Each structure stands twice: as structure tokens, then as C-alpha cells.
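Here is the structure we will look at, set down as C-alpha cells.
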Amino acid sequence: RERERERRREHLSREREGREEERGEEERREGFEKRQLAGEREREREKERKQMRGGAMSFHLNSHSKGMRTRRLLTRSSSRFNLKVNQDTSKKLVRVDRVNAIAEPELLDLPKAFSEAAPDASPVLICGQVSHSLTKEREEVITSMEDFMTDKVYKYLKPVEKCWQASDYLPDPSQEDFIPKVQELRERTLALPDEYLVVLVGDMITEEALPTYMSMLNTIDATRDETGSADTVWARWTREWTAEENRHGDLLNKYLYLSGRVDMRSIEVTIQNLIGSGMCPKTENNPYLGFMYTSFQERATKVSHGNTGRNAVGHGDQALGEICAQIASDEARHEKAYQLICEELYNRDPDGMMMAFADMMKKQIVMPAHLMDDGVHTTRGSGAKLFEDFEMVAMNTETYTTRDYIDIIDYLLKRWKVESIVCTSESGQAAQDYVCKLPNRLRRLSERAEKRMKKRQKQPVKFSWVYDREFLV
């Protein structure tokens, strides 16, 4: 019996030792896997740090990638909306409850940035650009303006049934006189010089890149359309503004197509390239900067279309002149709307809006089509970019010049009575001093630039839009 008990004790001891060995082996395997995973994480973090130092951020949003802890970037305006529909009415006006805005830069290993438009903000750097510079306090200013938008701004949009459409200004293909009307159009446009056609095509391409502008507006914090059909005042404004603007490119595109004076395939390639390239207005996802940009840009397009229309009449195409005037009229309505929004922001946050104005002026307002490319222009001649040569033609034809740019700044200063606004912070006062002196400073620089331009020898340039016909720029 004692021998039997001894054998059992030995057997139990061996089983215990076996289990301990198994546990030890399992712990060693787990430790190895943890060290391996930690090494992978460290390599990934180092890779991201290198990318960020080079100015390009890479966000890993795949929640299943090798156990890496990944976080989704929650922007200041976006986050998620909890939409509470009023059950008592059929009207789907919604209340917006936001999750806390942007994730802390430390958590996402995002490089910190500084915004001159919002020195008190904590923006981040994405692809080398300062982003999400809207503070919580200024976000509340924007969200408090919903009633103002409904009562004061929406009147600058027209009901669809009262809007003109492209077909109102073009020959009707259902009528017997369609072919004679098209022939009349083609005969009128024969008098349009190539320089004018280049400017008109550039204006049309700018209008046709509308998807880019809607995308840009939907990057702006606190006002973006979170769902694509959100029933918020800001989302509805963006969609309805886009719908009105969409008619401009439609009409100019069809008119140029019927004229037979331009290479439509080259133009279509340029449009596709431009939409694919996007735009870089440097508005930092900040509605203060965004509305400052649109206030300026809508007036600029109004000036450009107005001058294009007057030049068309001067070349004998009265119908084209009326078309451009009608488009300019739309731009004038939209200009008033955006400038009214900025005026209200000045009333509610004078220092914040003043710094936004100064910041956009220092960056300079880039034209929406500054990334246009037909795929061939830079490969010949001086190698200049397509937009640079287009800009020169626009200046030579006095469609849109440096003087127009300065006049718009001067107009906005008077429109918002910037000199009389009371700013309480040093940053706001410095910004106010900068923008008030800017027009005179730019005029002096412009005068010197014009003298140099007069001495400059014009160069022959070919534009694919007009079948590579050459003229001096």
C-alpha cells in the first residue's frame, strides 16, 4: 500500500511539473508575441513620424490591422450628429448634439501647428497644411447663427421655379428653327478673338469644377453637411448654393460647344484634371476663413463675368453678353449672402473675424482653378503652367487684373466698416492695422509691377483650348 501511495505521489508530481512546463512555455510564447507586436507598433509609429516630418500624414483607419490601436480622427465640426426630429411637426429641422471635437494631437501623434487666424486654437498639421483651427468658443458662435441664416441669408437664394435655366438662352432642339438658330450663334462667335475665347473657356472651366468647391465647403468645421442630405441650415445652404452655381458651367459649356470655335475635348480633359486635383484655399477647416474666402471669391467671379460680358458685346455677340451678365447677377446675390455672414461674425466676434481677414490677405486669395492642367501646356513654349498663362491673358484683356484684386479688398474694408470696428485684443488690433493699410501698399507694389510688365517682351503661347492657335502673351 505504501508503494502504491508513493507511485501515485510521483505520478501527481510529474503531472504538476508537466502543467507548469506547459504554462511556462505558453507564457514564453505570449511574451514573444507581445514583444513582436510592440516592435511592429514602434516601427509603424516611426514610419508615421518620418512621413509627418516630410509633410505628408498617413492615417491608419483599418481597425483589423495586426492588432494596432487605431483611432479615427474626429474633426472640430464633424464628429457624429445625434439628430432629433421634432415629432410634432412634419418639418425636419434638427438639433445637433456633437461629440467632443478633435482628438488630442498627443493621442494621434499629430504634429502641432500654429494658426495666425486663431492664435488661441490648437490646430494640427495635415499634409503640410494647418487644419482645424476653429476653437470651441468660435464654434459656438457659428452654431448660434442658425436663426440668422434662416431669417437674413436664405433670401439670397431663389426658388427653383424662379431661376433661369441654360435652355432659356440656347436654341431649342425641338423647334424647326433649331439649325438656323445654331448657325446664327456660330456666325456671331466668328468675331470673337482667340484671347477672348481663352478667357471665356477659363471662366467656364472654373464654373465646371463646382464639385471641388462643394467638397471644400464640406471640409469646414461646424457647417459641413454630415450626411450628404442633412437638414441643418448650413448644409441646406451649401447644397442650394451649389445647385444655383451649377447652371453657370452648364450654360457656358453648351454655348461654346455650339460655337465650334474651341477644342471641346481638350477643355473636357482640363475640367477632369482640375476636379481631380482639387484646390488649396488654405482655409484651415475654419468657417471664419472659409466665409472670408467665399466673400472675396464671389465678388471676383462677378467682376470677371461682368467684364467678359462687356467684352462680348464689344466684339458683336450681344447674346453672349446677356449670358455673362446673368451669371454675374447670380454671383452678386451670392456675394451679398457671404458678406452678410462675415458682417454678422464681425458683430459677434470682432477680434476673431479681424484675424481671419488679415490671415487670408497674408496668404492671398488663390483662384479656384489655380490647379488647372490640360496635360500638354507645360511641355512646350516657356513651360509655364496653364493657369499662369491664362491669368496673363485675363490681365491683358482686362477681364480680371491686379487692380480688380486690390479694389475688392478696398470694397470689403468699406462694406464691413473695418476701420471703425473695436477690437480688444492685441492680435485683433494688429490685424486691423494690417488690413486697413493693405490696399495702398498693394497699389504701390502693383504700379511697380505694371512698369516691369510694360518693359517685358511678350512671348508666343499656344492654348490647346483653341486648337493650338498661337498668340502673344
- Query: For residues in region 248-285 being of a type outside the set (Ser, Thr, Tyr) and touching a Phe, Trp or Tyr at 6+ places or on another chain (Cβ under 7 Å), which is farthest from residue 335 (Cα to Cα)?
  - Reply: 263
- Item | Considering residues of region 401-420 that are farther than 16 Å from residue 442 by Cα and not in a helix (DSSP H, G or I) only, the residue least open to solvent (accessible area, probe 1.4 Å) | 416
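Could you please give the count of residues in region 137-156 that are of a type in the set (Phe, Trp, Tyr) and under 11 Å from residue 237 (Cα atoms)? Reasoning before the result, please.
Initial filter on region 137-156 (of a type in the set (Phe, Trp, Tyr)): 148, 154, 156.
Keeping just the survivors that are under 11 Å from residue 237 (Cα atoms) gives 154, 156.
Summing the residues that are of a type in the set (Phe, Trp, Tyr) and under 11 Å from residue 237 (Cα atoms) in region 137-156 gives 2.
Based on this model, can you work out whether residue 266 counts as touching a Ser or Thr at 6+ places or on another chain (Cβ under 6 Å), assigned to a helix (DSSP H, G or I), polar (S, T, N, Q) and open to solvent by 10 Å² or more (accessible area, probe 1.4 Å)? Let's see the steps before the verdict.
Working: touching a Ser or Thr at 6+ places or on another chain (Cβ under 6 Å): yes; assigned to a helix (DSSP H, G or I): yes; polar (S, T, N, Q): yes; open to solvent by 10 Å² or more (accessible area, probe 1.4 Å): yes.
It is true that residue 266 is touching a Ser or Thr at 6+ places or on another chain (Cβ under 6 Å), assigned to a helix (DSSP H, G or I), polar (S, T, N, Q) and open to solvent by 10 Å² or more (accessible area, probe 1.4 Å).
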- Within region 181-200, is even one residue touching a Gly at 6+ places or on another chain (Cβ under 9 Å) and among the charged types (D, E, K, R)? yes
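For region 120-137, enumerate the residues that are open to solvent by 30 Å² or more (accessible area, probe 1.4 Å) and under 18 Å from residue 217 (Cα atoms). Outline the logic, then answer.
Looking only at region 120-137, we keep the residues that are open to solvent by 30 Å² or more (accessible area, probe 1.4 Å), and these are 120, 122, 125-130, 136-137.
126, 129, 130, listed by residue number.
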- List the number of the failed condition for residue 439; all other conditions in (1) open to solvent by less than 20 Å² (accessible area, probe 1.4 Å); (2) touching a residue at least 60 places away in the same chain (Cβ under 8 Å); (3) assigned to a helix (DSSP H, G or I) hold. (2)
- Select, from 198, 182, the only residue that is more than 30 Å from residue 239 (Cβ to Cβ), touching a strand residue (DSSP E or B) at 6+ places or on another chain (Cβ under 6 Å) and either part of a helix (DSSP H, G or I) or modelled with pLDDT of 95 or more (or both). 198
- Task: Give 447, 470 a once-over and let me know the one that is under 25 Å from residue 373 (Cβ atoms), of a type in the set (Asp, Glu), modelled with pLDDT under 95 and open to solvent by 90 Å² or more (accessible area, probe 1.4 Å).
- Result: 470
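The values are calculated or read from the model by the stated rules, or taken from the named source; none is laboratory data. Keep in mind the model is a prediction, meaning the values are calculated, not measured. Note that each Cβ is placed from the backbone with ideal geometry, even for glycine, and that neighbours are counted across all protein chains shown. Quick note on the areas: whole protein, heavy atoms, side chains included, nothing else; ligands and nucleic acids left out. Shrake-Rupley method; radii C 1.70, N 1.55, O 1.52, S 1.80 Å.
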